[in-house]
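Asker: Structure below; questions to follow.
The values are calculated or read from the model by the stated rules, or taken from the named source; none is laboratory data. This one's a predicted model, so the numbers in the text were calculated from it and none came from an experiment. As a convention, Cβ positions derive from the backbone with ideal geometry for all residues, glycine included, and neighbour counts pool all protein chains shown.
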Amino acid sequence: MNIRIWSILSLLLFFSPILSLSAEWKEYGLKEVLGRLKYYAFAKIAQSVRRGANFDQEIRLKESPCEDTFPELEGEFRCSWLRVSTIEAKDSGPEAELVGKWYEGHTLAGKGVLSVSGRNGSPDLRIFYHTDGRISHYSFGDRIVVFDWKGQEISTILSVKVDSQLRPLGGKEYFFP
């Protein structure tokens, strides 16, 4: 009997690091999300969303969907919008063309904002970029989604539910393995 218990415990200890590598969303209540927001400098992010931008260019957008391993995000977010260098459609194919509005200039988040009109009555996506061209965050309806980068890879995504004043109500965080 003792051998069987030790065998089961050994197997559990062996597989627990492997099982913990699978990524998933971690839900937060208001108290927990407030602690996480300090790490992300959320006050500055909310201020950039509040301030917005004056869009001065129209661009045709690439609509590359995300891979199956990438988490599903609020809005019709496309992974081709993760970097400024990959948002614009280069070919001139007329089918399923999506047009966005672009602001190139200084923002609280960095440099550059993309606005994508919502489809079928859904809210617009406003995507803010760091000065190096990587996505900082985006707003969609009652959500602000924040990206944290380690080098050239995204390490975490924090999705924060906000009220009409952009005050946090709760959220969830995705940790990449």
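Asker: Pick from S159, S164: which is of a type in the set (S, T, N, Q) and surrounded by 17 or more Cβ atoms within 10 Å (Cβ to Cβ)? Show your work before the answer.
Answerer: On the way: S164 fails: surrounded by 17 or more Cβ atoms within 10 Å (Cβ to Cβ).
Among S159, S164, only S159 is of a type in the set (S, T, N, Q) and surrounded by 17 or more Cβ atoms within 10 Å (Cβ to Cβ).
Asker: Please go through segment 105-127 and give me each residue that is assigned to a loop (DSSP other than H, G, I, E, B) and either under 15 Å from E58 (Cβ atoms) or of a type in the set (A, V, I, L, M, F, W, C) (or both), ordered by number.
Answerer: In the first step, residues of segment 105-127 are kept if they are assigned to a loop (DSSP other than H, G, I, E, B); the result is 107-110, 117-124.
Result: L108, A109, S117, D124.
Asker: Of all residues in segment 128-167 being in a loop (DSSP other than H, G, I, E, B) and acidic (D, E), which is modelled with the lowest pLDDT?
Answerer: First, pick out the residues of segment 128-167 that are in a loop (DSSP other than H, G, I, E, B): 130-133, 141-142, 151-152, 163-167.
Then keep just the ones that are acidic (D, E); that gives 132, 142, 163.
Values: D132: 92, D142: 96, D163: 96.
Top of the filtered list is D132.
Asker: If I filter segment 56-72 down to residues being charged (D, E, K, R) and over 15 Å from the mean Cα position of the chain (by Cα), which single residue comes out as farthest from G105 (Cα to Cα)?
Answerer: Filtering segment 56-72 for residues charged (D, E, K, R) gives 56, 58, 60, 62-63, 67-68, 72.
So of that shortlist, the ones also over 15 Å from the mean Cα position of the chain (by Cα) come out as 56, 58, 60, 62-63, 68.
Details: D56: 10, E58: 15, R60: 19, K62: 21, E63: 24, D68: 33 Å.
Result: D68.
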